[in-house]
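Colleague: One structure is given below, represented as structure tokens, and several questions about it will come after.
The values are calculated or read from the model by the stated rules, or taken from the named source; none is laboratory data. The structure displayed is predicted, hence computed values, not measured ones. Glycine gets a Cβ as well: all are built from the backbone with ideal geometry, and neighbour counts include every protein chain shown.
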Amino acid sequence: MKRIFSTIISSTLVAASLALADEVLPALRRTLEPGNTPPIWVSMSGLTGEAATTLQFDLYVQGFGFTNAEAAQYLISGSNDANLQAKAVDPHNKSTLVSKAYSGVALRRQVHAFADDFVQALGGKAIAQTKIAFKAENGSHSEIYVADFDGHNAQAVTKDDSLVAAPCWVPGHMALYYVSYKLSHPDIFYHDLTTGARRAFARYGGSNMSPAASPNGSKVAMILSKDGWVDLYVSNADGSELKRLTRSKQDESSPCWSPDGKWICFAAKEKERRMLCKVPVSGGALQPIGTSGMPSPSEPDWSPDGKWIAFTSQSGRYFSICVAPAEGGKVTQLVEGEDPSWAPNSRTLVYGRRSGGRYVLALLDMPTKQYKDVSRIPGMSSQSQPSWAR
């Protein structure tokens, strides 16, 4: 009995210690349970019009909810005309987190800057001033676009009047890889967004698809059919030292990199069933990543903190966004959608979802399952295949 009682006391103390440790962590660094984490409650006062709606969007897709001042964990107040003055306080410990005036850019961007300052004060990683790239369709043609993370200020990267696909950011650079049929063949291009210069990166016989830049930008994974099978390859960023990593009939697709650059995760097909696998970038045996029986996993993306892999699961005509631990294991089904891409904060995802016969882009907070559609481009029927700059 003494031994049992001692075990119970020890377990209780450990649980209490973990709960206390979680409480003292900054709000955005506490333990997160995918799809089952309550929002962080804030109240807003004084902001109006575009400033208010922009801040609500910025915070909602990062796990915040809105309530009255009495029930809020944090209080945000401010004023705006052409410029923004904003303040965030923690009323429970009577501390000021942010108090600042913003000017010099458009009001929307001032609000993004305040949202970033607030999130960073809570221990999170700023994303409101980041960019997304995506494919936008108009009839039978498509182009690559880049926009602010909320879809505003979209600008066309390509004007190929052809078909494009699979944009992928080069981490830490204003540059993209993507697929274009401009030369009447599926080729991979590299595009420097600062200078506007671009070059064909992979133009092998067969298809050249799904480029994915390594975390340090020094290598590129891709799917090629140059040798008769659809396999995973990797090369240096200048195209040299092309290496075939798979030799199978598994129809590989959608490579992504582990944050340490040592592994490439991808979707494969074995006996007509899709599965997720990973392989060392130097080559070696494939290792399956368990997804707990979720049907047809595809389009994986590895979170920047290394903890999660988001992917698309397909059941019949139904597609859903799921997350699993990077080592495999319990899968959490989040929302209906396809093609997830992680934000730098490792909690927000951009993805495509079907709406009224077309695709729209949306942002999803993984822990709370809160999501919002991003701003759409007038004249473009669908937006899909997003990639978040990191």
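Colleague: Is it the case that some residue within the range 211-229 is hydrophobic (A, V, I, L, M, F, W, C), at pLDDT below 95 and either assigned to a loop (DSSP other than H, G, I, E, B) or surrounded by 16 or more Cβ atoms within 10 Å (Cβ to Cβ) (or both)?
Modeller: Taking every residue of the range 211-229 in turn, at least one turns out to be hydrophobic (A, V, I, L, M, F, W, C), at pLDDT below 95 and either assigned to a loop (DSSP other than H, G, I, E, B) or surrounded by 16 or more Cβ atoms within 10 Å (Cβ to Cβ) (or both).
Colleague: A further question follows. Given the conditions (1) under 25 Å from the mean Cα position of the chain (by Cα); (2) at pLDDT 95 or above; (3) charged (D, E, K, R), which single one is not true for Glu70?
Modeller: Result: Glu70 fails condition (1) only.
Colleague: Given the options Trp229, Trp308, name the one that is under 26 Å from Gly352 (Cβ atoms), out of contact with any helix residue (DSSP H, G or I) (no Cβ under 9 Å at 6 or more places or on another chain) and not polar (S, T, N, Q).
Modeller: Step by step, each of Trp229, Trp308 is checked, and only Trp308 is under 26 Å from Gly352 (Cβ atoms), out of contact with any helix residue (DSSP H, G or I) (no Cβ under 9 Å at 6 or more places or on another chain) and not polar (S, T, N, Q).
Colleague: Asp260 - would you say it is at positive phi, acidic (Asp, Glu) and over 15 Å from the mean Cα position of the chain (by Cα)?
Modeller: It is false that Asp260 is at positive phi, acidic (Asp, Glu) and over 15 Å from the mean Cα position of the chain (by Cα).
Colleague: Every residue in the range 235-247 that is surrounded by fewer than 15 Cβ atoms within 10 Å (Cβ to Cβ) and part of a loop (DSSP other than H, G, I, E, B), please.
Modeller: Once the filter is applied, which keeps residues that are surrounded by fewer than 15 Cβ atoms within 10 Å (Cβ to Cβ) and part of a loop (DSSP other than H, G, I, E, B), the range 235-247 yields Asp238, Ser240, Glu241, Arg247.
Colleague: Please find, among Ser320, Ser375, Ser313, Ser298, the residue that is outside the structural domain of Pro39 (by TED's automatic domain parsing) and either in contact (Cβ under 8 Å) with a residue 60 or more places away in the chain or not in a strand (DSSP E or B) (or both).
Modeller: After applying the criteria, what remains is Ser375.
Colleague: Starting from the range 271-282, keep only residues that are on the phi < 0 side of the Ramachandran plot and assigned by TED's automatic domain parsing to the domain that holds Met294, then list their pairs with residues that are part of a loop (DSSP other than H, G, I, E, B) and of a type in the set (S, T, N, Q) whose Cβ atoms are within a distance under 8 Å, requiring at least 6 positions of separation or different chains.
Modeller: Matching pairs, first to second residue: Arg273/Ser296; Arg274/Ser296; Met275/Thr291; Leu276/Thr291; Lys278/Ser258; Val279/Thr246; Val281/Ser214.
Colleague: For the range 54-105, which residues satisfy the criterion of being among the small types (Gly, Ala, Ser), in contact with a Phe, Trp or Tyr (Cβ under 8 Å, 6 or more places away or on another chain) and part of a loop (DSSP other than H, G, I, E, B)?
Modeller: The answer is Ala71, Ala72.
Colleague: State whether the residues of the range 91-104 include one that is modelled with pLDDT of 95 or more, hydroxyl-bearing (Ser, Thr, Tyr) and crowded, with 21+ Cβ neighbours inside 10 Å.
Modeller: no
Colleague: Would you mind telling me which numbered condition in (1) modelled with pLDDT under 95; (2) under 12 Å from the mean Cα position of the chain (by Cα); (3) among the polar types (S, T, N, Q) Ser355 fails?
Modeller: Among (1) modelled with pLDDT under 95; (2) under 12 Å from the mean Cα position of the chain (by Cα); (3) among the polar types (S, T, N, Q), the lone unmet condition for Ser355 is (2).
Colleague: Among the residues that make up the range 26-41, is at least one of them over 24 Å from Ser341 (Cα atoms), touching a residue at least 60 places away in the same chain (Cβ under 8 Å) and not in a helix (DSSP H, G or I)?
Modeller: yes
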